[in-house]
Amino acid sequence: GRQCTFKFKLISRPEIKLGKYKNLGVKKDEVKVTKEEVEHEIGHICESMAEIINKENGTVEKGNTAYIDFKGIVDGEVIEGGSGTNYPLEIGSNTFIPGFEDGCIGMKVGETKTLKLKFPENYVESLKGKDVDFEVTVREIKERIIPELGKDFFDDLDIEGVNDKKSLEAHVKEEITKAKQGELIKESVTEKISATASD
């Protein structure tokens, strides 16, 4: 049999030299991270790890998401685009007209209620300022349980070296600092590049 010889040419990646970055004049201490920023970020982390539970027996509260069937009636007619089925409405998001979400507070699963409201003056021409009856039925209520910063939380978070609020704060501060330094470097690089480009 004849022998086949294959030749492979391996191309190695060119090394990118980041020498110039070092002396761009970005100082570490130019980055300020406030306590508020850290708290805000921790708030985000907690939100993202919130547990959504079904409230079988409770009532609609602010911050809950109520899954509702609704229809709006003006002058005895169901208004176009004014009805929905199994619509997830976050109470307190001000998605609906004033009074609607407040009117849902306290309702139970399976309950139907008529909310007597008025369309605001800055609403669409044909409906502004008009009285409207919304028939609302609650199908489901979901509640977001924000986790406590306890052992379970840190186990779930699973970040090395982070096991209490203090170490979490330090970690978050470091992450924000890095992000801000990245921004600073990016900005000064862009500035320096555009400065040389315009010469």
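The values are calculated or read from the model by the stated rules, or taken from the named source; none is laboratory data. Nothing here was measured: the structure is a model prediction, and the numbers come from that model. Note that each Cβ is placed from the backbone with ideal geometry, even for glycine, and that neighbours are counted across all protein chains shown. Note: areas computed on protein heavy atoms with side chains; ligands, DNA, RNA excluded. Shrake-Rupley method; radii C 1.70, N 1.55, O 1.52, S 1.80 Å.
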Can you name the number of the only condition in (1) in a strand (DSSP E or B); (2) open to solvent by 80 Å² or more (accessible area, probe 1.4 Å); (3) farther than 29 Å from Leu149 by Cβ that Phe70 fails? (2)
Contact list please: Cβ distance under 9 Å, first residue in segment 119-135 and under 16 Å from Glu77 (Cα atoms), second residue surrounded by fewer than 14 Cβ atoms within 10 Å (Cβ to Cβ) and of a type in the set (S, T, N, Q), pairs at least six apart or on different chains. Lys128/Asn122; Asp133/Thr114; Phe134/Thr114; Glu135/Thr112; Glu135/Thr114
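Keeping to segment 104-131, report how many residues are under 21 Å from Glu56 (Cα atoms) and surrounded by fewer than 18 Cβ atoms within 10 Å (Cβ to Cβ).
First, the residues of segment 104-131 that are under 21 Å from Glu56 (Cα atoms): 104-113.
When the remaining residues are screened for being surrounded by fewer than 18 Cβ atoms within 10 Å (Cβ to Cβ), the result is 105-106, 108, 110-113.
Total meeting the criteria: 7.
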Can you name every residue in segment 74-89 that is open to solvent by 40 Å² or more (accessible area, probe 1.4 Å) and either at pLDDT 95 or above or assigned to a loop (DSSP other than H, G, I, E, B) (or both)? Asp75, Gly76, Thr85, Asn86, Tyr87, Pro88
Out of Glu187, Glu160, Glu175, sole residue that is open to solvent by 50 Å² or more (accessible area, probe 1.4 Å), farther than 26 Å from Gly76 by Cβ and under 23 Å from the mean Cα position of the chain (by Cα): Glu175
Which pairs do you get when a residue that is in contact (Cβ under 8 Å) with a residue 60 or more places away in the chain, found in segment 73-101, comes within reach of a residue that is open to solvent by 40 Å² or more (accessible area, probe 1.4 Å) and among the acidic types (Asp, Glu), reach meaning Cβ atoms under 9 angstrom, with the pair 6+ apart or on two chains? Ile73/Asp133; Ile73/Glu135
Which members of segment 132-145 meet the condition of being surrounded by fewer than 16 Cβ atoms within 10 Å (Cβ to Cβ), of a type in the set (D, E, K, R) and at pLDDT below 95? Arg144
